[in-house]
1. Name, by its number, the condition in (1) surrounded by 19 or more Cβ atoms within 10 Å (Cβ to Cβ); (2) closer than 30 Å to GLY267 by Cα; (3) in contact (Cβ under 8 Å) with a residue 40 or more places away in the chain; (4) not small (Gly, Ala, Ser) that does not hold for ARG123.
2. Look through region 218-242, keep the residues that are part of a helix (DSSP H, G or I) and either touching a strand residue (DSSP E or B) at 6+ places or on another chain (Cβ under 6 Å) or charged (D, E, K, R) (or both), and return whichever of them is surrounded by the fewest Cβ atoms within 10 Å (Cβ to Cβ).
3. When region 149-178 is examined, which residues are found to be open to solvent by 20 Å² or more (accessible area, probe 1.4 Å) and part of a helix (DSSP H, G or I)?
4. How about region 246-255: which of its residues are open to solvent by 60 Å² or more (accessible area, probe 1.4 Å) and in contact with a helix residue (DSSP H, G or I) (Cβ under 6 Å, 6 or more places away or on another chain)?
5. May I ask you to verify whether GLU258 is of a type in the set (Asp, Glu), open to solvent by 30 Å² or more (accessible area, probe 1.4 Å) and within 26 Å of the chain's Cα centre (by Cα)?
6. Can you say whether ALA130 is loosely packed, with under 15 Cβ neighbours inside 10 Å and under 26 Å from ILE156 (Cβ atoms), as far as the supplied structure shows?
7. Give the residues of region 184-204 that are among the hydrophobic types (A, V, I, L, M, F, W, C) and buried (at least 18 other Cβ atoms within 10 Å of the Cβ), sorted by residue number.
Amino acid sequence: RDSNKGIVVQPEILRHGKIGVVIGKGCESPGIWLPDVFGELLTQLQNHQFYPQLIQAPEPELLLRSALSHGVDALLCYQALPVPAAKTIMRENFPFLILNSKDPDSAAETEIYSCNCIHHDYRDAGPRRARILLERGHRRIAYIGNPWFAEYTGFISTIRESGAELCDDLPLYTEQQIRTNLTALLRRNRITALYSEGGGSILHLVFRILAELPAEDSPELLVTKCDVVPYLRRKYPLVRCIGQCGFRTQTLPRIAAEMLADHLNSGTPLRSRAIPSFLFDRAIQERD
């Protein structure tokens, strides 16, 4: 649009490749939720000569209208959409990808994985996490986190198929459960290794409880990747944290930009993909 002149349609050779980056309802900042993923996404789009157009989606069913009004060549959703809205866009054959970095909490949240969704390969990551503990000789292991997620990723099945025991007679999902049950579970089952999911508040609680245990009751600890872990390791040096497990943040944005470029330039069909991007960051003393 040109003020006082109306709408000007450029010849195709002069048009910029513009990608609509859908950032949610507009009441949140993409720089707050996984800012490293969002920053990498913008960099990767630029590397492929794409120009990002930020699009808010207070009503996901209106995304196609927003795409047309902004003149974008494709939509890339920075967060998962409702499944019906995603399937509507796919039926219209509009170029469309979802970049989903959030771990699912239930089977319902995995339905989006069939809708041109790029996500971490959890079925690859779960067994890798389990094998880190098994290869250190542990045979009595406990898990802190969502039991459904541990089953979904294959963490639990990998431990049990190895002949080791996953001790789960007391739940360790919420902060209250951890506060009430963790010490009792460790002592009752003589746990030698513990894997903990969770963010900063969960991990801070786990480190504090382990630091209060006698050395003979304290297991080795493997944790999910979190910015607070280096601080916790300094604050609780007696906790035997062997490292962090996470995902390479640059992998999903790079794959998304490559897939869009292949589709728009060569017609390669878009599809869902589970991307192996597992990362194990060993503790400093492990390297030494």
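1. (1)
2. Top of the filtered list is ARG234.
3. The answer is GLU151, TYR152, SER157, THR158, ARG160, GLU161, GLU175, GLN176, GLN177.
4. GLN250, ARG254
5. When the stated conditions are applied, GLU258 passes them.
6. No, not satisfied.
7. Across region 184-204, the qualifying residues are LEU185, LEU186, ILE191, ALA193, LEU194, ILE202, LEU203.
Each row is one residue, and each column tells you yes or no for (1) open to solvent by less than 80 Å² (accessible area, probe 1.4 Å); (2) assigned to a helix (DSSP H, G or I).
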position: LEU210; (1), (2): yes, yes
position: GLU216; (1), (2): no, yes
position: GLN244; (1), (2): yes, no
position: LEU264; (1), (2): yes, yes
position: PHE280; (1), (2): yes, no
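The values are calculated or read from the model by the stated rules, or taken from the named source; none is laboratory data. Every value quoted in this text rests on a predicted model; they were computed, and no experiment measured them. Heads up, the Cβs are rebuilt from the backbone with ideal geometry, glycines too, and the neighbour counts pull from every protein chain shown. These area figures cover heavy atoms from the full protein model, side chains too; ligands, DNA and RNA do not enter into them. Shrake-Rupley method; radii C 1.70, N 1.55, O 1.52, S 1.80 Å.
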